[in-house]
Structure formats: structure tokens, C-alpha cells
1. Would you work out the charge dipole size for the chain about its Cα centre, treating the Cβ of every Lys and Arg as +1 and the Cβ of every Asp and Glu as -1, and quote it to the nearest 20 debye?
2. Pick out, in residue order, every one of the trypsin sites (Lys or Arg not before Pro) in the range 25-102 that is DSSP loop and has at most 13 other C-beta atoms within 10 Å; say none if there are none.
3. For the chain, just the Cα set please: Rg and Dmax, both in angstrom.
4. Note down the nm distance, to one decimal, between modelled labels 7 Å out along Cα→Cβ at residue 222 and at residue 248.
5. Enter the angle in degrees (range 0 to 90, nearest 10) between the Cα long axis of helix 2-50 and the first principal axis of the Cα atoms of the chain, meaning the one along which they spread out most.
6. In nm, to one decimal, how far is the residue 70 label point from the residue 201 one, both placed 7 Å along Cα→Cβ?
7. Could the peptides 260-266, 307-313, 205-211, 148-154 be put in order, highest first, of the mean number of other beta-carbon atoms found within 10 Å of their residues?
8. May I ask for the longest run of the chain untouched by GluC sites (Glu not before Pro) that are loop-located per DSSP and have at most 16 neighbouring C-beta atoms (other than their own) within 10 Å?
Amino acid sequence: MTQHLSERGRAAAPLSAVRRPVIRRRAWVLTLGLIVALGVLVLTAIASLAVGSRAIDPGTVLTALTAYDDENPLHLMVRELRVPRTVYAILIGSALAVCGGLIQAFTRNPLADPGILGVNAGASFAVTFAVGVLGFTAPGSYVPFALGGAFVLTVLVYLLGSVGPTGATPMKLTLAGVALGAAFTGFTTAIVLQNNSTLQIMRFWGVGSVAGRELDQLAWAAPLIIAGLVLGLLSARSLNALALGDDLAQALGARIRVTRVVVIVAVTLLAGTAVAAAGPIGFVGIMIPHAVRWFTGPDQRWVLSYSLVVGAIFLLLADILGRVVLPNGELRVGIVTGLLGAPVLIALVRRRQVSGL
């Protein structure tokens, strides 16, 4: 017996020695890929400042940022219109992508996202209630309602999906999210149809857009989204442990209840603020984590880091495409993400090996 164990130990030692360089090499590859993605994000942001109904050359864009002249109409266009729009697209894209990754890891369901689990529906209902019933119209005034609606729906979905001896399963959480989301969408529609002025406000907000935003609005949106991103990234290691099951995660030292509370708070901040700032924008939360897992694998530390960057790139590209695709006017970014997201999800379904959690 002792000889057998010693032989297994000698066999395991060379195997471990072989795997360590492979793990280090993969970490270097992923780090390099993340640096490249950050470079692409910078280039995409510059393109967002330059492309629109009137193209502006990169030199003028740089001058508008570094040597602003308030009498130059091109400088005004860059600073007053395109900078807020670009910053909002980066924040909202990162928030939605990381939120989707957190929900997928939290529920162990690769099809989960803020829309499918009803989080967006809860935030949308709360915003509609604030606008249509209570009379709040300024974007910053209904942020607490959006956060509250997102939080309540997240907790309700988890509680409803946890009923029964099997506890919270991906199927039960998805069904609970779809059911509650449909119910709250119905409530939202009922409020909108009762008031014509509310209908006019919510008709444009409900499509999802980052246009027409001002830098002053970042004072409330940016801190909330950044806080949610930080909490999400800090929970990545614990989410890796939760993927092994509650019992094994607890044996490995993961604080399950703390992790769940942190993830719920992060999802509430990210989804609630994104919906309040830009309206419900679909497909980003489900598509981006899937796409990055093709490259990163299931490690949530890399999945969430890449989702943060790639989500911002995707929403910037969608917004740029919406500006130029029509000869007159532009498509709102929520419509563009839907048009781009549908074929990507079809491709996900047709893949022989779907990216796992």
C-alpha cells in the first residue's frame, strides 16, 4: 500500500511540474489579450468621437479634448455631444456585460441575463411608476426607483427559484425570472397606456439609447456603476468556488452567503443604474460573457475582466453603427444590439460545444 502511494506521488509530481508552465503560459496569453482589448477600446472610443452625422478628423478630436475652443463648432460637437455619449456607452456596456456574467455564474445558468431573470423588467416598472404615477421626469430623480425595482426582482426571483427540496436550480430560476418579468412588464404597459404624457416619455426611453446625455448626469451614474463593477470583480474567485457546488465551495473556505449578498448588490447596482441611465438594452448581458468564455474558459476572474472591456467595445460599436446605418437620422443603440445579438445567439446555439460555466 505504501509502495503504491509513493508511486502515485512520484507520478503526480512530474504531472504538476508539466502543468505549471502551461498555466503560466495561458495566464500570459490572457493578460496579453486583455491588453489588446484595452487598446481596441481606446481606438473604438476615438472612433465614437469622430464618427457621426458629420465626420470629424482625429486631429480635431484630439484638439477638442486638449485645447478646447468654445467658439469652434466642431469642438462643441465633440465636447458637448459625443464625449458624454461615448462615456455613457463605455459605462453601460461594461455594466450590462459584467452583470450578465455575474448572473450566469450566480445561477449556474449560461442562458441567464438581466432580461431573462426579470431584473430589467423590475427596474423598468419602477422607473415607469416613478414617471407615470409620482411625476418624476429628471433622469437622476428616478435612479433610486430603478435600483429598488432591480433589487426587489432579483431577490424575488431567487426566493421563488429556491422553493422546494432541490433549492435554487438554473431551470427554476429561469422560469421564475421569465414569469415575474412578464408580470412586471404587463404592469409597466398598464401604467404607460393610462397616461399619454408618460407614453411619450417612456416610448423613447424604453428603446434604449445613450444619445442626448450630458456629462452632469455622470455624477450619479458613474459612481454606482463603478461600485457595482468593483463588487463584481471582487466576487469572481468566490464564484469559481460556487461553480463546484455549495458543499465543496464551503469546504474550500468560500463564504457562500456573503458571496450571494455581494453578487445581488452588484447586480442591483449595475442593472438598475444601466436601465435608469439608458433604458433597457438587450442581448449584451447574455452575449458578451458567452463570447469571452470561448477565449478565457470558465474562470470568472478572466470572464468578468474581459466582459468589462468587450462589453464597452460592443456597445460603442453598436452606437457607431446606429449613427451611420441610415441615410437620415439614426437607430437607437437598443435596436442595434437586438439586430446584432440575434444572429450571435443563433451561432451560440449552433456551436457543437457551447461555452460552459
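Every number here is computed from the coordinates shown, using simple stated rules; none is lab data. The model shown is predicted, which means the values in this text are computed figures rather than measured ones. No Cβ is skipped: glycine too gets one built from the backbone with ideal geometry, and neighbour counts run over all protein chains shown.
1. Values: 26 positive and 14 negative charges, 313 e Å.
That gives the chain a dipole magnitude of about 1500 debye.
2. Qualifying residues, ordered by number: 54.
3. 22.4, 86
4. 4.3
5. 10
6. A separation of 3.1 nm, rounded to one decimal place.
7. Working: 260-266: 19.1, 307-313: 27.1, 205-211: 21.4, 148-154: 25.3.
Descending mean neighbour count gives 307-313, 148-154, 205-211, 260-266.
8. 215-357
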